[in-house]
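Contents: one structure, followed by commentary.
Every read-out reported here was derived from the displayed coordinates using simple, explicitly stated rules and does not represent laboratory data. Computed from a predicted model, the values in this text were never measured in an experiment. Please note: Cβ atoms are built from the backbone with ideal geometry, for glycine as well, and neighbour counts cover all protein chains shown.
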Amino acid sequence: MPIPNPFTRKTIPYHRLSKESTEQESDHAGTNTSTANQDSDEQNVYLLAKNLHRPRRSRFKTTCTYTFISLFSLLTGLVVSQFFALEYDFDGYLGTPSPPPPTPTTQRYIQNVVWSENTTFAASPNAATEAAWKSLIPSGRGFIQHPVLAKDIKAIAVFHELHCLHGLRLSYFKISYALSKLQYQQERDPYTHTRDDHPHITGSSIQNLYPGSLLAEHSHGHEHIKHCFEYLRQALMCAADTNLEGTKMQEFGRADGDKGYVLGSDAWGTKRVCRDFEGVKTWAERWRGEDEGGIV
């Protein structure tokens, strides 16, 4: 049996070197794989966090978008509705009637107007009363022609209404004048009638000859009068004036001669909101379709 030499270089079999190399390679490969896995895990965590954060941002943007669209749609609807609700206002014209707003605008309405009785317009026809009535009507008699509102000649309703009211007034005084003349003739012929037939009519009623000449010249036919009654009825209902008037107990005479009382209103002294009549009149004169004047 040979004796081992302690100074001889020890040799390692190839398979052991190969094994250690393989182990080192395996360890290095494991290290690389672990690093790659760690990087992959970190990337997955980042992507997961990014994905978790992205929906919040997306939801916020979506919410803002929907909110903006809703507000824009609401604003557009309000503007469009106000456009259709507003009156036509061309060149200062106060167009389609509407109820007075809580705070009237200075261009369309006049606040705190107090009515008081003006006996001129209700008095028997004479030169002064007719001049007063004619002053309410613009040049052109309320017939207008406008490039936008009225390419063909149109009539402004308020002046038509005043024309009708004036016609009813003339018809009333025409009948009153005729009855006064009849009563006067009866007084001169006591064998035909008695003075008690028409106690409210006296001979002094025919001393004013102006109504006779005026009413003979401007006579409204029966159909015209009927038209005006119906026209004014619908005009009043269309305007539907909602001003509040003061009330009081008013005295009236009964058929039996006694006095009675009823709750009523004469409208005088009450503050109200009115449309700018003078503004309408000025506009009507500016765009008049003819140059004639007068109220009849």
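Among the trypsin sites (Lys or Arg not before Pro) found in the stretch 239-269, those both in a DSSP coil and sparsely packed, with 14 or fewer other Cβ atoms within 10 Å of their Cβ, are R254. A 25 angstrom limit on the alpha carbon distance is what I want to check against. Which of K174/K281; K174/K226; K248/K271; K134/K174 exceed it? Result: K174/K281 exceed 25 Å. Between C274 and M249, the modelled labels are 3.2 nm apart [label points 7 Å from Cα along Cα→Cβ]. Amide H contacts for I110 (H built 1.01 Å from N in the peptide plane; partners 5 or more residues away or on another chain; cut-off under 5 Å): C274, R275, D276. Extending 7 Å from Cα along the Cβ direction at S135 and again at F72 yields two label points whose distance is 5.8 nm.
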